[in-house]
């Protein structure tokens, strides 16, 4: 799979069938979890935030690269419509690969389905 497309999907992107055909991403073989993990680990080593920063109002896991370690922010917003999360649980990792594994398993629920691609 094209690295840019994989990044787009890991950031929460979605492609409909016409877009998949247009990008020559259909039909597609299953993805290997280890390859997806390695790709994401490299991404978060070179970014401060993945997939967005804390101002994005994104619910779920956001990875912060502090330069010394990787912090997984597990964010949840209440029903009140507040722009501030009512939950920000944090888990710190020394290795980008460990933070990437946490994101894949807890935010994207992988191995499994990634926008129609099987990750095994």
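Coordinate-derived values only; no laboratory data. If you're wondering where the values come from, they're calculated on a predicted model, not measured in any experiment. Please note: Cβ atoms are built from the backbone with ideal geometry, for glycine as well, and neighbour counts cover all protein chains shown.
Under the √(5λ) rule applied to the eigenvalues of the Cα gyration tensor, what semi-axes describe the equivalent ellipsoid of segment 3-119? Give them in Å, descending. Don't skip to the end; give the middle numbers.
Working: eigenvalues 129, 65, 28 Å².
Whole-Å semi-axes of the equivalent ellipsoid: 25, 18, 12.
Suppose we keep just the DSSP beta bridges with both residues in the chain; what percent of those would be antiparallel, to 5?
95 percent
Suppose each label sits 7 Å from its Cα in the direction of the beta carbon; what would the residue 39-residue 92 distance come out to in nanometres?
3.1 nm
Pick from 35, 100, 72: which residue has the top mean-square fluctuation in a GNM of the chain where Cα pairs under 10 Å get a spring?
The residue with the greatest mean-square fluctuation here is 35.
For segment 1-35, list residues with backbone N below 20 Å from a point placed 7 Å from the Cα of residue 113 toward its Cβ?
6-21, 25-33
Counting pairs of alpha carbon atoms under 8 Å apart in space and at least six apart in sequence, what relative contact order in percent does segment 3-119 give?
This gives 25 percent for segment 3-119.
Using the alpha-carbon atoms, what tilt in degrees (0 to 90, nearest 10) does helix 33-45 show relative to the longest principal axis of the chain?
50 degrees
Does anyone have the angle between helix 96-106 and the longest principal axis of the chain? Alpha-carbon axes, 0 to 90°, nearest 10?
Approximately 80 degrees, to the nearest ten.
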